[in-house]
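Values quoted throughout were computed directly from the atomic coordinates according to the rules given, and no laboratory measurement underlies them. It should be emphasised that the depicted structure is a prediction, and the values quoted were computed from it without experimental measurement. Note that each Cβ is placed from the backbone with ideal geometry, even for glycine, and that neighbours are counted across all protein chains shown.
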Amino acid sequence: MSTLQRVAVTGSSGLVGSALVSHLKSEGYTVQRLVRRKPVSPDEVSWDPKAGTIDLAALEGIDAIIHLAGAGVGDKRWTSKYRAEILNSRLLGTTTIAHAATSLKPSVLISASAIGYYGETGNRAVNEDDRSGDDFLAAVCREWEAAADLATGVRTVKVRTGLVLDPTGGALGRMLPLFRLGLGGKLGSGSQWWSWITLHDEVKALTHLLNSDIEGAVNLTSPNPVTNQEFTGTLARALHRPALFPVPGFILKAALGGFSTEILGSKKVVPAKLLESGFVFDYPHLTRALEELCKE
């Protein structure tokens, strides 16, 4: 058990946040969840990221803050209005949290980012030292991380998370029903690289970062990225189904709009800092990960 006892978490109702809160509690941490409404239980603390307000008194003496909140990039079509929401939800929330961290001086602030930071990487493997990309999400991630860096006097970690795999949500949750019916297949050309991590290892890595001395950007991805064709083929085999129904890129573009670039684009990302720190993945390889996640 760490010497860090009290952890505040934003985005605690999301896929990663809810699993993280449950895990931290099981490990003996006291978790305080930041909510954008009136608190209804002793473990809730109010904050308003748009107004830039937070109940600092309720967080006095906090040991760590894990900031995961932000509008989902795949939840809606990328209209100009929703692009602004994607950016502003991250900038306003992260700025509020960074200022709170500067005031409260926890031992660590862990702030979410994404591998979208790297933009299109093609077949080139990238790590935390590589430059940012030049597309919309890369620009969002740069500003998002810059907002986290406003926290002064606090060890700050910016976690660039890949595709988080769990049957209860995210991309895998959306793909499973079709693949279980035998209606799945590669997306677009299938040659694009997908950098993934199981929800289990995501939570394990976040807990590891709480208790390390790592700071700066950290990639939260498996050490073994795969192409989309490998991913969809492995998923079909795990379900004992064929993968005979590829989805052409133009259909994805029509259905998803701007977000299709994240499905059809290639991001080959490796977790150099995690591996250097001695972190051990429980699911480093996709085959075992999907076999476990697809159990009925």
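The table below lists the values:
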{"item": "Most mobile listed residue (Lys50, Lys267, Lys81) in the chain, GNM with C-alpha springs under 10 Å", "result": "Lys81"}
{"item": "Exceeding the 18 Å Cα-Cα cut-off - candidates Lys186/Lys253; Lys186/Lys295; Lys50/Lys81; Lys38/Lys81", "result": "Lys186/Lys295; Lys38/Lys81"}
{"item": "Top of Thr79, Thr156, Thr95 by mean-square fluctuation, Gaussian network on the chain, Cα under 10 Å", "result": "Thr79"}
{"item": "Fully extended contour minus Cα-Cα distance, from Lys253 to Arg124, at 0.36 nm per residue", "result": "44.0 nm"}
{"item": "For semi-axes √(5λ) of the Cα gyration tensor in Å, calculated from these coordinates, the label among [x] 32, 21, 18; [y] 29, 23, 18; [z] 42, 37, 19", "result": "[x]"}
{"item": "Span-rule helices in the chain, defined as complete DSSP H runs reaching 27 Å or more along the axis (Cα) with Kyte mean at least 0.0", "result": "80-104"}
{"item": "Highest-fluctuation residue, Thr94, Thr161, Thr152 considered, GNM on the chain with Cα pairs under 10 Å", "result": "Thr152"}
{"item": "Percentage relative contact order, segment 6-293, counting C-alpha pairs under 8 Å, at least six apart", "result": "18 percent"}
{"item": "Charge-dipole axis of segment 1-90 as Lys and Arg at +1 and Asp and Glu at -1 on Cβ define it, positive-most pick from Val16, Gly61, Leu4", "result": "Val16"}
{"item": "Anchor Lys273: lysines whose Cα lies under 21 Å away (excluding residues fewer than 8 positions away in-chain)", "result": "Lys158, Lys204"}
{"item": "Sequence of Phe250, Phe231, Phe245 once ranked by neighbouring C-beta atoms within 10 Å, starting from the fewest", "result": "Phe250, Phe245, Phe231"}
{"item": "Cβ-Cβ FRET estimate between Leu183 and Glu292, R0 fixed at 25 Å, reported to 0.05", "result": "0.65"}
{"item": "Percent antiparallel among DSSP beta bridges (both partners in the chain, rounded to 5)", "result": "15 percent"}
{"item": "Extension gain from Arg131 to Asp43, taking 0.36 nm per residue of separation minus the Cα-Cα distance", "result": "27.7 nm"}
{"item": "Antiparallel bridge percentage (DSSP; both residues within segment 111-210; nearest 5)", "result": "10 percent"}
{"item": "Neighbourhood charge, 13 Å Cβ-Cβ cut-off, centred on Ile263 and excluding it, Lys, Arg +1 and Asp, Glu -1", "result": "+2"}
{"item": "Dipole axis of the chain (+1 Lys, Arg; -1 Asp, Glu on Cβ), positive-most option in Thr156, His285, Ile86", "result": "Ile86"}
